[in-house]
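The values are calculated or read from the model by the stated rules, or taken from the named source; none is laboratory data. Nothing here was measured: the structure is a model prediction, and the numbers come from that model. No Cβ is skipped: glycine too gets one built from the backbone with ideal geometry, and neighbour counts run over all protein chains shown.
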Amino acid sequence: MSINTINETIRKHAKAISLSIMGILSAAIIPIWQIYFVEQPDVHIEITEIRRINSSNFKVPLSTDELKLIKPYIDQDLFYTYDKNGKRADKINYPEFTITTINNAFKKAKIDIKNITETKSILRKHIATINKYLNPKDKAHSLIEFRVGEIKDWSLRNYIDDDEARYYEKQVLKITRDYADMHFKKGKGVPINTAALTFLLSDVKEDLLEVISENEVRVEKLRDNIQAIDTQIAKLKEEQQNIYSYFDVSVVATNNGRASASLRPIALLRVNISKDNYVNLKLDMKDYQDQSNLPEGSTRILHYRSKVLHDIPSEDRIMVNTFWGSTGRASVFTLDTKQNIYKSNTIAFADNSNQKVMFDKLKEAANTQ
């Protein structure tokens, strides 16, 4: 076929050929356009809250004479180890306690100072009741009628050692149980060891008298050292926050695109007050397996956690403590499995400040309605 014939054929079928070429190009271009311009994730992230949480792993001993004064106000169970069945085992030689435990004990001590007169009065009543049972002339309080329920009502564990309180209750039950279960005839002797019960109640009385005396001495010492204890606990709280705390960051992630995105399990929290004055904190996503995938048109609330400050370089730790709650501004950077990087909004590096800003906006909007 000659060139002229070919040209003539092309001219005759130019329209059809053009349409075919356009069809081929469209078939190739449309998928590319869909992939790169339409079917892409469009992820936006926003920090909603930054919380600073004190680590519960931070424990300290009662290492000073002042702190040892609050020892009686700490739960006795915390001074012992426990076996696999949950039963109390050996006493701990050098027990350590969380700041929450120490602080709660201090609160109880301060309450005890206020209630010392009332406590003394309660113990005096228990002693008066024991004296009535020990008085053979008091017919209204016969030893043979004493039961374990009465000694339980005294709540001895609030005043003496737990083990000793349990021992007294157990012994009263042992002495009186057989009698309570037996049926005896009128006029016959009562099968109860009143001598043993007398000895036991005398021991309880001695303990309660000792508690009254010790309480007076302890409370007097507490009054004299209340300020020193308060100062020492404040220093422990500061140490815990500055060294043994971490950050929990809540982020709202929205995917407005037409393709899903899968976020990496790590993120970066950038905190700064100027271009050259900043610190970076590595964040790990909680529940990564369930939360990392962002389907198209979806929104998730993600939670990230930093390392405990004790585990980051001291220079960074100093900067974090300096920026926190002051002029520090924070933003989050994260990325997906395709290496797309997303940056969040910038908010105050402080607890609750951001919620206040949002609430103020709501009040402003409400006032304009």
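Quick notes
For every residue, the table says whether it meets (1) in the same structural domain as Ile341 (by TED's automatic domain parsing); (2) at pLDDT 95 or above.
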position: Asp224; (1), (2): no, no
position: Lys237; (1), (2): no, no
position: Asn256; (1), (2): yes, no
position: Ser260; (1), (2): yes, no
position: Leu269; (1), (2): yes, yes
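- The helices (runs of 4 or more DSSP H) found entirely in the stretch 252-369 that carry 2 or more residues being among the hydroxyl-bearing types (Ser, Thr, Tyr) are 314-323, 353-368.
- Test: residue in the stretch 271-286 that is out of contact with any helix residue (DSSP H, G or I) (no Cβ under 7 Å at 6 or more places or on another chain), hydrophobic (A, V, I, L, M, F, W, C) and surrounded by fewer than 19 Cβ atoms within 10 Å (Cβ to Cβ): no
- Among residues of the stretch 212-224 that are part of a helix (DSSP H, G or I), those with a beta-carbon under 8 Å from a residue that is of a type in the set (Ser, Thr, Tyr) at least six positions away or on a different chain give the pairs Asn215/Thr119.
- Restricting attention to the stretch 222-259 and to residues that are under 27 Å from Ser344 (Cβ atoms), of a type in the set (A, V, I, L, M) and in contact with a strand residue (DSSP E or B) (Cβ under 7 Å, 6 or more places away or on another chain), the residue that is surrounded by the most Cβ atoms within 10 Å (Cβ to Cβ) turns out to be Val251.
- Looking only at the stretch 75-107, residues that are under 19 Å from the mean Cα position of the chain (by Cα) and aliphatic (A, V, I, L, M) come to 4 in all.
- Considering each residue of the stretch 58-66 in turn, at least one proves to be part of a loop (DSSP other than H, G, I, E, B) and crowded, with 17+ Cβ neighbours inside 10 Å.
- Count - residues of the stretch 289-324 that are of a type outside the set (Ser, Thr, Tyr), over 22 Å from Ile273 (Cβ atoms) and free of Cβ contacts under 8 Å to residues at least 40 places away in the same chain: 5
- Options Phe333, Phe349; residue that is touching a helix residue (DSSP H, G or I) at 6+ places or on another chain (Cβ under 7 Å) and either in the same structural domain as Arg51 (by TED's automatic domain parsing) or farther than 30 Å from Phe58 by Cα (or both): Phe349
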